[in-house]
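Peer 1: Attaching a single structure in structure tokens format; questions to follow.
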């Protein structure tokens, strides 16, 4: 995940191409030429052309390079954190200088409370349908979120915050509601009775510490539960199948483990062929029907069709489907390039399902990483994994608080 496009291009320029009949043969060639420390960049199938396809088996091409080829060139050194903070201070000072002070008599009184956004109409229908199926007269209450999405008060009606970094956090992508949560943590870290520090540098240090404190780590399944069966759910087109293929490739190539894969239909047919294609490339049979787990010691990966988060009946059907799989670990996959409002609405729609964590995709298309903190602060889910690009294995790694803080406050 830490490679930028230029570094990725340099790694490809210094990579080697290996063509073989199967992945095992390609791995043997890679180890013979580059050694056991080689890094695999991409895998693709090479179809036979013309009349050759009548008797020639399709082959695969694997791009690999040595670890030092992936190191980023020093090029232009990144601006130190102190210079970035000075720039923030200059922006805030300019902002404050341009805004004339408002007389106290003209400041309207703050409203007594901010109204919560009502549940999406589709979720209301889903709640009523679930209650009717259970024989209840009233729908069951929705799960309580630690920070429900609220309607933001008008800008003039907010209390002016003594913390100057509040405007910086909003510009970085956090919603006003979640900025308030961060400021509360900052005040607690700084001391409830103490005024904010005079230095913007100290404020940003406290902001980073507050975000790290609010991070919800992913909880790994207990060892007694055995090897989990990973199931990927989410709206259509967010990259669930690509995430499965990346995780599968890492399991086979980096961890040296065997695995089982299922590509199942749901309420609609599973038309995604990418899992079957990469299953053939990696030498893994992709099963199209569920006959039980079988070898529970092997990691399992299951691909299901995407579900429209506004379709209450489809969500209910998905919930019933998940109950058929013992030891299932459900991963909700969302496209990080979507707007914050849509991401929060989608995460809320899937909240009635037994979701273990979130996986965010398309991070190569999203530059405002600050908005990802809204999912950390505004849902009950832990952020589990981050994915960027379409290449397999490609860029896929466990999410860490430091990774999301680095684009905001500097650092690796």
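Peer 1: Give me 338, 278 sorted ascending by neighbouring Cβ count inside 10 Å, so fewest comes first.
Peer 2: 338, 278
Peer 1: Fewest first, what order do 16, 385 take by the number of other Cβ atoms within 10 Å?
Peer 2: Fewest-to-most ranking of 16, 385: 16, 385.
Peer 1: For the residues 369, 262, 290, what sequence is obtained by ranking on other C-beta atoms within 10 Å, fewest first?
Peer 2: Numbers: 369 19, 262 23, 290 12.
Lowest to highest Cβ neighbour count: 290, 369, 262.
Readers should treat all values here as calculations from the given coordinates under stated rules, not as data from a laboratory. On a predicted model such as this, the values are computed, not experimentally measured, just so you know. Because the Cβ atoms are built from the backbone with ideal geometry, glycine has one as well, and the counts that use them run over all protein chains shown.
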